[in-house]
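Student: Got a structure for you, questions after.
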Amino acid sequence: MMRFLLLFSRQGKIRLQKWFLPLGEREKKKIIRDMTTMVLARKPRTCNFLHWKDLKIVYKRYASLYFCCGLEEEDNELLALEVLHRYVELLDKYFGNVCELDIIFNFEKAYFILDEFLMGGEVQETSKQSIAKSIEASDMLQETMEEYMSKPAF
Amino acid sequence: MPAVSKGDGMRGLAVFISDIRNCKSKEAEIKRINKELANIRSKFKGDKALDGYSKKKYVCKLLFIFLLGHDIDFGHMEAVNLLSSNKYTEKQIGYLFISVLVNSNSDLIRLINNAIKNDLSSRNPTFMNLALHCIANVGSREMAEAFAADVPRILVAGDTMDSVKQSAALCLLRLNRTSPDLIPMGEWTSRVVHLLNDQHLGVVTAATSLIITLAQKNPDDFKTSVSLAVARLSRIVTSASTDLQDYTYYFVAAPWLSVKLLRLLQCYPPPEDAAIRGRLTECLETILNKAQEPPKSKKVQHSNAKNAVLFEAISLIIHHDSEPTLLVRACNQLGQFLQHRETNLRYLALESMCTLASSEFSHEAVKTHIETVINALKTERDVSVRQRAVDLLYAMCDRSNAKQIVAEMLSYLETADYSIREEIVLKVAILAEKYAVEYTWYVDTILNLIRIAGDYVSEEVWYRVIQIVINRDDVQGYAAKTVFEALQAPACHENLVKVGGYILGEFGNLIAGDPRSSPLIQFNLLHSKFHLCSVPTRALLLSAYVKFINLFPEVKGTIQEVLRSDSQLRNADVELQQRAVEYLRLSCIASTDILATVLEEMPPFPERESSILAKLKKKKGSGTVSDVEDTRKERNTNVNGSTDHTTATTNTKPSPSSFVSDLLAAAPPPTNRPRPVPSSSILHMPLSPLSPQAYAVHSAAPLTPFYQVTSSPSSDLLGLGNSSAVNSGSPPAASNAASLLVDVFSESLPVAPLGTASAPIIEENFSRFVCKNNGVLYENQLLQIGLKSEFRQNLGRMYVFYGNKTSTQFLNFSASVVCHEPLNAQLNVHTKTADPVVDGGAQLQQILNIECLSDFVEAPVLNINFRYGGSVQNIAVRLPVTLNKFFQPTEMMSQDFFQRWKQLSDPQQEVQKIFKAKHSMDTEITKAKIIGFGTALLDGVDPNPSNFVGAGVIHTKTIQVGCLLRLEPNTQAQMYRLTLRTSRGSVSQRLCDLLSEQF
């Protein structure tokens, strides 16, 4: 089971954090600090796996963003790399050539897409089509909803 | 088309986010945020009711602020309001807020649970999924309690949509992980297994994850999943890459599902049914064959997914550990990966090989890769890969290659990354000890270790080398010579000074004959380091000096002068000052006989598990993980028999600890010095500070045997926690007369009948241990048995101390634990063999590892046999391992308690007993007993404040049983009424029987 998933920038700014088991805020902050310092300090072309306490850390860099997750002992590291990749593909499909800014400005969407893909730290649905379809469906639902609403001017 | 414009696009939010991004400083950001928070607060408080959109926007802004790392203490109510909106986006944001900012306010939780309930029963799959996600994301006990019944029902209902099934399966998995006691097992479990046959691969994937967790806890209930999993796997493995459509990932058929299925099979031993087993072997062979085929794509995703399945298959092969051909093929495959150009694969191959090394079939095959692994250690650019190489060298080490591996690790240590040095040091120390054929090599290795990486040599390492040198007299001379030489170096590590001081203080006489290492030279050498050392080392050196006074009368004057100097006698450090004063006095007033007695060589250390090994284990075990996870993992390693890693190690290769004991046990009894015999009153003084008190014992009654030398914190010089190992078994005043009597009458002692095959089982102290873990279990004139135990979840460890109260050795000592039927199927007790000889006055420690498999009533019996004098003693004691030891306390609120109480209302679930008080009815004592019993003591639950209420969960390997208890005292009648409710009648009965004896 995946324990957490973090997205952070090269400067260590956290862009998305998902915790699959409840943790205290202090503990979360410590993990974020440890992960960013550890992963950002890695040299290029080193392997994508690390040991941290009793967790396996799998990370990969996509453009300016690092995707980093913590796995339990019995989890499969290589497949976790592909979980990260599939998530990137899903973001890509939704935003169209996703970049860090998309995730900053639409952070809630990034969370929703992740929820379609993973749940409780396990893969819920691996088919790109199915996930895209259900995100599409909720967007459709959303758009129809919007018609009934008059947005007040900001 | 940039999707950003899809759906809504809350302009206000976007503006706020870019404002924040434009902030030049942290202060500016905080200012902007505070402004926004004030704005939102006023909107929420304002008289004008907000429309859904605005509410959503503000809640989303709060969420953003929270995720930036700022505290948010309001907005929960508005978020909860959004949950009941029938507009999807509002609901969605509401749920997201709730999931991220979990709040424990119980009013709020009731509202949230209501909203979830509505959505679960809405039959709208999108809403149901949102609700299930919220349960999984929050996953609190309150939610688990509220929905533990609904989620399984949704999962197996015939009309549930596939996507909802997937969410329900994983939601249930999540709840089961954090609140397993709340998930009712029932007829839904068998239907879950059949989801493995579902048409929808997404459903199968999610269901497999759930089944893995359930099967780890209740293997028997999910046995049927094995054949279904094999069938499913076989279909995937043999499918063409296009068959599975979107479940094919970069030309690999359903890699996620394949890995899950292989993982599920690792919960079980190899299938017994030959057909299923054959089919599985075929699958595994196919996976191994595919690794040799040319890749279908150059993309790294393809090779990752393919190799993920391959590594998981190899894990299964290693787990089964039954097909030598598969094991060797797996090993060869990993061997290929060791030289692969992908760093990731090299890393994983090293990691997998570590587990392979512990299989007897493949240990030799793994060893053939030693050169590659050593090369990896030298050439890998990536520290985490090098770390794996160290691990593998450690795992593949045996007697045949120990010297090479230790040498390589030592040389790597010189350049190793600081982060892993300590671990390498521990590993080298363990290997050197475990595979030492010559002790000279061992001593050299450890001294090298200190030389190369002194800062990383923990206390345990140098304690250990001293233990071994003390216990092996054939290495003492060599050790003295070697440390003497090592100390010649102009700069040597303080740890070396410690070892040197200790060893020369004990055995300096063995090299004093050589004029190059005469007593004075030895002393001057040690003393030249004195001023550079820290206080504890100086204290140790002072003890070494006083030992020198005894060993070498010719340097007495020189040493007394040193002790007398102001820098010692008036040292600001009270410990040093005290030692200097006491040692000086001792050397002045004591006669040489007394001096020789007081400063006698240290007696051999009792054999015990290597403290280094314990340290390494502790290092590995350090984690942030919650308790649930810890034990789950432990359980995982030995699920359902088969060869797991840990047992494999003990089976195929002697474990380090057993080797260590070999090493010590094999040591011939020292001949060059008297054995400790109380009657001759030889006093042993360790090189530790003398406390005034101990000193008093010395001078006042030098002929009384004394064991406890000191109570100063550094007394536990060899750091093994039980400085009492040599002592507390016998009372200081154990008079010779008494032991004489025992000698004479031992044959007529009623408790130790002569040579009878089965002694009556003694249980007089048994019930005293129900509510506590430590104490004296049994005592007669010969023997005292003390217990210290600790329990965690379904596991326990018991330290049994056998104190020989006599002055004579116990021979052929053996202590074993017997679990009669049906207990042997309910409780695993693993006993470490005890040393067959217990010296007079000595104490022997034995460790029992206990695992509770299911609930039980009987308690195991400890059988002790030994020869004392001419007769065989046979003692059987009931060991206080009782069901309540496996309690984990559960705190709960009054409302929850009564809800659960109501749920456990079947007549057989409740057991009640009314009984007379045997002790005074003191409230505090009663409270302590209930807590000692293992449950949480719940305050404010029972309306009557004089009643006691407790709750806890009994953890066994197979099931967990939630228990509630209520104790009502009636002081007038001096009676109690005890009521227990648990989900299992037998558990209620047993707990009631145990606890009612305590008051």
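The values are calculated or read from the model by the stated rules, or taken from the named source; none is laboratory data. Everything quoted here is computed from the prediction, not taken from an experiment. Don't worry about glycine lacking a Cβ; one is built from the backbone with ideal geometry, like all the others, and counts go over all protein chains shown. Heads up: the accessible areas ignore ligands, DNA and RNA and are worked out on the full protein's heavy atoms, side chains in. Shrake-Rupley method; radii C 1.70, N 1.55, O 1.52, S 1.80 Å.
Student: State whether one or more residues within the stretch B:160-176 are farther than 24 Å from residue A:115 by Cβ and either of a type in the set (Ser, Thr, Tyr) or more than 9 Å from chain A (Cβ to nearest Cβ) (or both).
Tutor: no
Student: Counting only residues that are open to solvent by less than 40 Å² (accessible area, probe 1.4 Å) and facing another protein chain (nearest Cβ under 8 Å), how many does the stretch B:19-56 have?
Tutor: Of the residues in that region, 3 qualify.
Student: Given the conditions (1) open to solvent by 30 Å² or more (accessible area, probe 1.4 Å); (2) at pLDDT 90 or above; (3) facing chain A (nearest Cβ under 10 Å), and given that residue B:132 satisfies all but one, which numbered condition is not satisfied?
Tutor: (1)
Student: Failed condition for residue B:256, given (1) out of contact with any strand residue (DSSP E or B) (no Cβ under 9 Å at 6 or more places or on another chain); (2) part of a helix (DSSP H, G or I); (3) crowded, with 24+ Cβ neighbours inside 10 Å; (4) within 12 Å of chain A (Cβ to nearest Cβ), with all others met?
Tutor: Going through (1) out of contact with any strand residue (DSSP E or B) (no Cβ under 9 Å at 6 or more places or on another chain); (2) part of a helix (DSSP H, G or I); (3) crowded, with 24+ Cβ neighbours inside 10 Å; (4) within 12 Å of chain A (Cβ to nearest Cβ) one by one, residue B:256 breaks only (1).
Student: Yes or no: the stretch B:139-146 includes at least one residue that is more than 9 Å from chain A (Cβ to nearest Cβ), out of contact with any Lys or Arg (no Cβ under 8 Å at 6 or more places or on another chain), acidic (Asp, Glu) and farther than 22 Å from residue B:953 by Cα.
Tutor: Checked the stretch B:139-146: no residue is more than 9 Å from chain A (Cβ to nearest Cβ), out of contact with any Lys or Arg (no Cβ under 8 Å at 6 or more places or on another chain), acidic (Asp, Glu) and farther than 22 Å from residue B:953 by Cα.
Student: Check whether at least one residue in the stretch B:442-458 is out of contact with any Cys (no Cβ under 6 Å at 6 or more places or on another chain) and either within 14 Å of chain A (Cβ to nearest Cβ) or not in a helix (DSSP H, G or I) (or both), and report yes or no. It would help to see each step written out before you state the result.
Tutor: Residues of the stretch B:442-458 that are out of contact with any Cys (no Cβ under 6 Å at 6 or more places or on another chain), as a first pass: B:442-458.
Those left that are additionally either within 14 Å of chain A (Cβ to nearest Cβ) or not in a helix (DSSP H, G or I) (or both): B:457-458.
Yes - at least one qualifying residue is present in the stretch B:442-458.
Student: Still on this structure, I have one more. Considering only the stretch B:130-151, state which residues are under 22 Å from residue B:901 (Cα atoms) and of a type in the set (S, T, N, Q).
Tutor: Within the stretch B:130-151, B:140 is the sole residue that qualifies.
Student: For the stretch A:102-109, state whether one or more residues are crowded, with 22+ Cβ neighbours inside 10 Å, in contact with a helix residue (DSSP H, G or I) (Cβ under 8 Å, 6 or more places away or on another chain), modelled with pLDDT under 95 and in a loop (DSSP other than H, G, I, E, B).
Tutor: yes
Student: Can you go through B:497, B:546, B:483, B:475 and tell me which one is part of a helix (DSSP H, G or I), touching a Gly at 6+ places or on another chain (Cβ under 6 Å), β-branched (Val, Ile, Thr) and under 23 Å from residue B:599 (Cα atoms)?
Tutor: B:483
Student: Something else now. Is it the case that some residue within the stretch B:354-363 is among the small types (Gly, Ala, Ser), surrounded by 23 or more Cβ atoms within 10 Å (Cβ to Cβ), within 25 Å of residue B:324 (Cβ to Cβ) and more than 26 Å from the chain's Cα centre (by Cα)?
Tutor: Yes, the conditions are met somewhere in the stretch B:354-363.
Student: I've got another one for you. Please find, within the stretch B:57-94, the residue that is surrounded by the fewest Cβ atoms within 10 Å (Cβ to Cβ) out of those that are of a type in the set (Asp, Glu) and more than 10 Å from chain A (Cβ to nearest Cβ). Spell out the reasoning first.
Tutor: Quick first cut of the stretch B:57-94, residues of a type in the set (Asp, Glu) only: B:71, B:73, B:78, B:90.
Of the ones still in play, those that are also more than 10 Å from chain A (Cβ to nearest Cβ) are B:73, B:78.
Numbers: B:73: 9, B:78: 20.
Out of the qualifying residues, it is B:73.
Student: Look through B:385, B:428 and report the one residue that is free of Cβ contacts under 8 Å to residues at least 24 places away in the same chain, open to solvent by less than 10 Å² (accessible area, probe 1.4 Å) and in a helix (DSSP H, G or I). Spell out how you get there, then give the answer.
Tutor: On the way: B:385 fails: free of Cβ contacts under 8 Å to residues at least 24 places away in the same chain.
B:428 is the lone residue from the list that is free of Cβ contacts under 8 Å to residues at least 24 places away in the same chain, open to solvent by less than 10 Å² (accessible area, probe 1.4 Å) and in a helix (DSSP H, G or I).
Student: If you don't mind, another one. Which of the residues that make up the stretch B:975-999 are of a type in the set (Val, Ile, Thr) and surrounded by fewer than 22 Cβ atoms within 10 Å (Cβ to Cβ)?
Tutor: Correct list: B:979 only.
Student: Working only within the stretch B:938-954, note down all residues that are out of contact with any Leu (no Cβ under 6 Å at 6 or more places or on another chain) and either of a type in the set (Lys, Arg) or modelled with pLDDT of 90 or more (or both). Give the derivation first.
Tutor: First pass over the stretch B:938-954, keeping only residues out of contact with any Leu (no Cβ under 6 Å at 6 or more places or on another chain): B:938-947, B:952-954.
Within the stretch B:938-954, B:952, B:953, B:954 qualify.
Residues are listed down the side, and each one gets a yes or a no for (1) closer than 27 Å to residue B:490 by Cα; (2) at pLDDT 90 or above; (3) open to solvent by 60 Å² or more (accessible area, probe 1.4 Å):
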residue: B:519; (1), (2), (3): yes, yes, no
residue: B:524; (1), (2), (3): yes, yes, yes
residue: B:537; (1), (2), (3): yes, yes, no
residue: B:541; (1), (2), (3): yes, yes, no
residue: B:550; (1), (2), (3): no, no, no
residue: B:558; (1), (2), (3): yes, yes, no
residue: B:570; (1), (2), (3): no, no, yes
residue: B:576; (1), (2), (3): yes, yes, no
residue: B:588; (1), (2), (3): no, no, yes
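Student: Would you mind stating whether residue B:804 is within 28 Å of residue B:603 (Cβ to Cβ), open to solvent by 40 Å² or more (accessible area, probe 1.4 Å) and modelled with pLDDT of 85 or more?
Tutor: No.
Student: While we're here: Give the residue that is farthest from the other protein chains (Cβ to nearest Cβ), with candidates limited to residues of the stretch B:177-212 that are of a type in the set (S, T, N, Q), part of a helix (DSSP H, G or I) and out of contact with any Asp or Glu (no Cβ under 7 Å at 6 or more places or on another chain).
Tutor: B:190
Student: Now for a different question. Determine which member of the set A:67, A:95 is in contact with a strand residue (DSSP E or B) (Cβ under 6 Å, 6 or more places away or on another chain), within 21 Å of residue B:301 (Cβ to Cβ) and buried (at least 19 other Cβ atoms within 10 Å of the Cβ). Spell out the reasoning first.
Tutor: On the way: A:95 fails: in contact with a strand residue (DSSP E or B) (Cβ under 6 Å, 6 or more places away or on another chain).
None of the others qualify; the one that does is A:67.
Student: Quick check, is residue B:305 open to solvent by less than 30 Å² (accessible area, probe 1.4 Å) and in contact with a strand residue (DSSP E or B) (Cβ under 8 Å, 6 or more places away or on another chain)? First the steps, then the outcome.
Tutor: Working: open to solvent by less than 30 Å² (accessible area, probe 1.4 Å): yes; in contact with a strand residue (DSSP E or B) (Cβ under 8 Å, 6 or more places away or on another chain): yes.
Yes: the conditions hold for residue B:305.
Student: If you don't mind, another one. Taking the stretch B:368-408 only, how many residues are over 22 Å from residue B:446 (Cα atoms), in contact with an Asp or Glu (Cβ under 6 Å, 6 or more places away or on another chain) and among the β-branched types (Val, Ile, Thr)?
Tutor: Adding up the residues that qualify gives 1.
Student: Of all the residues that make up the stretch B:568-578, how many are over 13 Å from residue B:527 (Cα atoms) and part of a helix (DSSP H, G or I)?
Tutor: Residues that pass the stated criteria total 6.
Student: Might you let me know whether the stretch B:600-616 holds any residue that is open to solvent by 50 Å² or more (accessible area, probe 1.4 Å) and either of a type in the set (S, T, N, Q) or at positive phi (or both)?
Tutor: No, there is no match, as no residue in the stretch B:600-616 is open to solvent by 50 Å² or more (accessible area, probe 1.4 Å) and either of a type in the set (S, T, N, Q) or at positive phi (or both).
Student: Shifting gears a bit: Quick one: how many residues across the stretch A:16-31 are open to solvent by 30 Å² or more (accessible area, probe 1.4 Å) and more than 9 Å from every other protein chain (Cβ to nearest Cβ)?
Tutor: Result for the stretch A:16-31: 2.
Student: From the list B:427, B:434, exactly one residue is at pLDDT 90 or above and either under 28 Å from the mean Cα position of the chain (by Cα) or under 30 Å from residue B:324 (Cβ atoms) (or both). Which is it?
Tutor: Only one candidate passes the filter, namely B:427.
Student: Turning to a different aspect of this structure: Need pairs with beta-carbon distance below 6 Å; first residue facing chain B (nearest Cβ under 9 Å) and under 12 Å from residue A:7 (Cβ atoms) and within the stretch A:38-65, second surrounded by 21 or more Cβ atoms within 10 Å (Cβ to Cβ) and of a type in the set (Gly, Ala, Ser); sequence gap 6+ or separate chains.
Tutor: From the stretch A:38-65, no pairs qualify.
Student: Restricting attention to the stretch A:69-113, report how many residues are closer than 26 Å to residue B:309 by Cβ, within 7 Å of another protein chain (Cβ to nearest Cβ) and of a type outside the set (A, V, I, L, M, F, W, C).
Tutor: Within the stretch A:69-113, residues that are closer than 26 Å to residue B:309 by Cβ, within 7 Å of another protein chain (Cβ to nearest Cβ) and of a type outside the set (A, V, I, L, M, F, W, C) number 6.
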